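Please treat every number below as a calculation from the coordinates, not as lab data. For clarity, every value in this text was computed on a predicted model and none was experimentally measured. We place every Cβ from the backbone using ideal geometry, glycine too, and count neighbours over all the protein chains shown.
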């Protein structure tokens, strides 16, 4: 299994500002995923990030609001731009399992974001 | 209608009880069925997965899939306080995208 770290673990931000969340993996992976988990809600996929190509966004999420970088096979960032209180959530990154098994994803500990 | 429905609970049972957690789904293309466990302030961790219909057992945990009814279950035998967590079902049609249920918050009381 992969070991995933995220920075920051939590933050309190003012509306209108932006926050960049970092995700670091201890092994090289092709696909990384960014999820949002709002209070009392399920995990919702924001986008899939492959190294060397543009991220693929799910319906309801746009690049201008959630720009993603994937500079190499062990690192990715998600930026939450022009934040509003509705962006308060836990943001999680995950990576595919060994061999790219579609059922297996390993998650980071999450970044707890509060927007005031 | 959500693609995956899961009773959010909360569910509270005494130690040693058998716990049953369930999800229903609407997308017949789902082939992979997973259960993730999420402790407070942690990321989800994969607990079990099942491909297509059938049962799978791993220690005190049993996962069941009934594709004809679009219904999956996770059973926990001899439940322990350390099993207290939120349990999320997740499903996939074979691509990397996972669709999660809302999660059921479970508390095992000593």
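Beta-bridge orientation, the protein assembly as shown: approximately 90 percent antiparallel, per DSSP, counting only bridges with both partners inside. Contact order for the stretch B:56-97, expressed relative to its length and based on alpha carbon pairs under 8 Å spaced 6+ residues apart, stands at 26 percent.
Mean sequence separation of contacting Cα pairs (under 8 Å, at least six apart), scaled by the length of chain A, corresponds to a relative contact order of 36 percent. The overall shape of chain B is prolate: from the C-alpha gyration tensor, with semi-axes ordered a ≥ b ≥ c, the ratio a/c is 1.5 or greater and a/b exceeds b/c.
Roughly how many Å is it from the Cα centre of the stretch A:10-34 to that of the stretch B:38-110, as a whole number? Each part's Cα centre sits 26 Å from the other's. Other protein chain C-beta atoms within 10 Å of residue C-beta, averaged over B:40-53: 4. Counting other Cβ atoms within 10 Å as a rough exposure proxy, the listed residues B:46, B:21 run B:46, B:21 from fewest neighbours to most. This ranking places A:115, A:62 by how few other beta-carbon atoms lie within 10 Å of each, fewest first, which gives A:62, A:115. Extent of the stretch B:1-46 along its three principal axes (Cα atoms, max minus min coordinate, largest first): 37, 22, 18 Å.
The antiparallel fraction among DSSP beta bridges confined to chain A stands at about 90%. Contact order for chain B, expressed relative to its length and based on alpha carbon pairs under 8 Å spaced 6+ residues apart, stands at 37 percent.
Shape verdict for the stretch A:32-114, please, from the Cα gyration tensor: rounded (a/c under 1.5), prolate (a/b greater than b/c) or oblate.
oblate
Please state the shape class of the protein assembly as shown: rounded when a/c is under 1.5, otherwise prolate if a/b exceeds b/c and oblate if not, all from the C-alpha gyration tensor.
Values: a/c = 1.83, a/b = 1.48, b/c = 1.23.
Prolate is the answer for the protein assembly as shown, as a/c is 1.5 or above and a/b outweighs b/c.
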